[in-house]
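Take a look at the structure below.
The values are calculated or read from the model by the stated rules, or taken from the named source; none is laboratory data. Quick caveat: nothing in here was measured; it's all calculated off a predicted structure. Cβ atoms come from the backbone with ideal geometry, glycine included; neighbour counts cover every protein chain shown. When the accessible area is computed, the model is the full protein with side chains, heavy atoms only, and any ligands, DNA or RNA have been set aside. Shrake-Rupley method; radii C 1.70, N 1.55, O 1.52, S 1.80 Å.
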Amino acid sequence: MPAPSRPDEYQPRLRWWSHTWRLLVCVGISTLVWSQTWVGQWQAHRPLFWLDLGAGLLAFVLVQLRRRRPLEVALLLTALAAVSAVAAGPATLAAVSLATRRRMLPILAVGVATALSSQCYTLTQPIAQPDPFWVNLGNDLVFTVGMLGWGMFIGSRRALLWTLRDRADRAEAEQQLRVDNARALERSRIAREMHDVLAHRITQVSLHAGALTYRDDLTAEQVRHTAELIQTNAHEALTDLRSVLGVLRSPDTGELVDRPQPTYDDLPDLISSSRDGGMNVEFTDLIDASEPVPVAVGRTLYRIVQEGLTNARKHAPGALLRIQLSGSRSDGIDLVLRNPVGFVTESTTPGSGLGLVGLSERAELRGGRLEHRKDGSMFVLHGWIPWAA
């Protein structure tokens with residue numbers, strides 16, 4: 001038989017087997033008990049035979065109601081077992097089912113009723129060689145205690161399984177909540193990443209486009225070169241935006257799907273592209289090169305330099321921007337960007353003014369710091385990032 005395609009398809013089979021094995025156990029107990037009396041009933045007291053059989057068949061019907069009215073059904077079947085050995089199996093099942101609820105007063109009531117019922121049946125049946133009273137009583141008490149104890153054990157096991165299942169469900173729900181929180185934090189990080197990336201690209205596009213608008217002394221070659229720069233930066237901005245939006249739409253990953261994140265090794269390319277765009281940049285790298293800069297630290301350095309280039313281009317176009325990196329594993333990495341304040345009072349490039357705020361938060365999350373200030377006629381952006389951030 002092929003395996004079911006869904007776990008739910010197993011449930012009817014499990015329920016069918018659960019009812020079947022309980023019925024078989026009841027039949028076995030009834031057969032074992034009745035085997036000691038049915039011959040004597042048939043030979044000497046035939047009405048007792050038919051009473052035993054009829055009451056037992058009624059008990060097999062009534063035991064199906066044990067879950068709806070557990071105490072009432074258990075007491076009724078115990079009373080039937082006082083005149084019927086066939087009812088012993090259903091009475092046992094009803095008593096065990098009641099004991100799984102672990103309520104002491106109903107369990108004690110059924111236990112006493114079971115012991116009395118067993119004694120009543122023993123005294124009223126034609127048994128050839130009956131055991132002494134105290135032997136029958138001891139056997140009945142042992143059987144009753146064992147039966148009810150087994151039912152209480154089953155109830156405890158069910159409660160334990162329910163508790164474990166509930167804990168597993170709650171752990172799964174909490175895990176899903178942690179995943180959702182992590183995804184929200186990652187999307188927030190990506191939003192900051194998008195600001196850092198696009199502000200740099202769009203600023204370049206805006207400035208070069210403004211140059212084409214206001215300058216009428218450019219040669220055809222200069223116009224072509226400027227247009228190529230605008231096209232390149234616009235294409236890179238669209239590529240970065242596509243990567244970020246691709247992540248935001250993906251429910252399974254929190255990393256950029258099209259392009260890798262920039263690192264410390266990408267800083268020379270960033271400086272080179274800014275110089276190609278007309279910026280005057282002096283870059284000094286004094287970082288100890290004996291071992292590679294950690295990826296997370298390099299990404300933070302890249303974003304700080306990128307924001308510094310963007311701000312210098314917006315507020316001090318044409319001014320010399322000095323960038324100096326220094327540090328080692330033991331000292332951390334020190335980053336200084338310095339440029340004249342400039343004379344631009346209002347930039348034509350829109351901005352939120354939150355770039356340095358976001359970068360300060362990024363540096364603090366890495367265990368470092370980032371501050372900006374005016375030092376005379378110079379604007380200084382100074383940051384420090386620990387090596388093992």
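Of the strands (runs of 3 or more DSSP E) contained entirely in segment 300-389, not one carries at least 1 residues that are under 25 Å from Q261 (Cα atoms), at pLDDT below 85 and open to solvent by less than 70 Å² (accessible area, probe 1.4 Å).
Of the residues making up segment 53-62, none is among the β-branched types (V, I, T), out of contact with any strand residue (DSSP E or B) (no Cβ under 6 Å at 6 or more places or on another chain) and open to solvent by less than 40 Å² (accessible area, probe 1.4 Å).
Taking each residue of segment 314-337 that is at positive phi and looking for partners that are open to solvent by less than 40 Å² (accessible area, probe 1.4 Å) and in a strand (DSSP E or B) with beta-carbon atoms closer than 8 Å, six or more apart or interchain, yields G327/I287; G327/I333; G332/I385. Does W162 fit the bill of being modelled with pLDDT of 85 or more, open to solvent by 50 Å² or more (accessible area, probe 1.4 Å) and either under 22 Å from F60 (Cβ atoms) or of a type outside the set (G, A, S) (or both)? Taking the combined requirement at face value, the residue satisfies it.
What residue, among those in segment 31-57 that are among the polar types (S, T, N, Q) and assigned to a helix (DSSP H, G or I), is nearest to the chain's Cα centre (by Cα)? The extreme case among them is T31.
Answer yes or no as to whether R157 is open to solvent by 60 Å² or more (accessible area, probe 1.4 Å), modelled with pLDDT of 85 or more, more than 20 Å from I29 (Cα to Cα) and charged (D, E, K, R). Write out each step before concluding.
Values: open to solvent by 60 Å² or more (accessible area, probe 1.4 Å): yes; modelled with pLDDT of 85 or more: yes; more than 20 Å from I29 (Cα to Cα): yes; charged (D, E, K, R): yes.
When the stated conditions are applied, R157 passes them.
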